[in-house]
1. Loop-only chymotrypsin sites (Phe, Trp or Tyr not before Pro) in segment 60-147, please: DSSP not H, G, I, E or B, and at most 12 other Cβ atoms within 10 Å.
2. Roughly how many nanometres apart are two label points built 7 Å out from the Cα toward the Cβ at Leu147 and Arg21?
3. Starting from the eigenvalues of the Cα gyration tensor, five times each then square-rooted, give me the equivalent ellipsoid semi-axes of the chain, largest first, whole Å.
4. May I ask you to rank Ile39, Ile17 by accessible area, largest first, using a 1.4 Å probe over the protein chains only?
5. When the chain is fully extended, how far beyond the present Cα-Cα distance does His85 get from Ser7, taking 0.36 nm per residue of separation?
6. I want to check a number: in segment 1-115, how many lysine pairs have alpha carbons closer than 22 Å, given a sequence separation of 8 or more or different chains?
7. Two-decimal Rg/Rh of segment 18-74 from alpha-carbon positions, Kirkwood Rh?
8. Once every DSSP H run of n ≥ 4 in the chain is given -39500 (n - 2.57) and the sum is divided by its residues, what mean residue ellipticity at 222 nm do you get, rounded to the nearest 500 deg cm²/dmol?
Amino acid sequence: MSEFSISAPDCFFNEKIWTDREIYTELNFSFRSFFKYRIIDPSKSLLNLNLFNNLIYDRICEILNVSKPNKEYGVNLDSKCIEDHFPIANRYFTEINAQRNQRTDAHPYDKHGNLRIRINDKELEKLIHKQNKALEEICSFDFLKYL
């Protein structure tokens, strides 16, 4: 997390918050894969960043006892059910998810039916800047009072 310059990452990324070891392992794997592919394969990097965000989103909903309207991550983001507590994270997670759907190897076509154009490293860097802001917002929240 030091590359993201989050002032207090341990406020959210710790074993008190992430009690399920299997999910925490997956969270770490997704984050490492995001960094591993960042320069050599921005598409794969973005796929992993979105997986990372999906796990974060699900854990936030669990801790805050937020009812998700659907099993699909994108539908839940669009419902804005965490927006009251995390307006920045909801907005940027939604944007990252949309880019994942339109600009990665997840789908061959964009939402208009055109062959998708994969995201490049400069575009990914812009999303990473937004990711940093979302994580800063999340890590400044006192989750322990909800556990």
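1. none
2. Result: 1.7 nm between the two label points.
3. One finds semi-axes of 25, 18, 13 Å for the chain.
4. Sorted descending by solvent-accessible area, the residues read Ile39, Ile17.
5. Taking His85 through Ser7 to full extension adds about 26.2 nm, to one decimal.
6. Lysine pairs meeting the criterion: 6.
7. Expressed as Rg/Rh, it is 1.04.
8. It comes out at -19000 deg cm²/dmol, rounded to the nearest 500.
The values are calculated or read from the model by the stated rules, or taken from the named source; none is laboratory data. The model shown is predicted, which means the values in this text are computed figures rather than measured ones. FYI the Cβ positions are ideal-geometry reconstructions off the backbone, even for glycines, and counts take in every protein chain you see. Just so you know, the surface numbers come from the protein's heavy atoms only, side chains and all, with ligands and any DNA or RNA stripped out. Shrake-Rupley method; radii C 1.70, N 1.55, O 1.52, S 1.80 Å.
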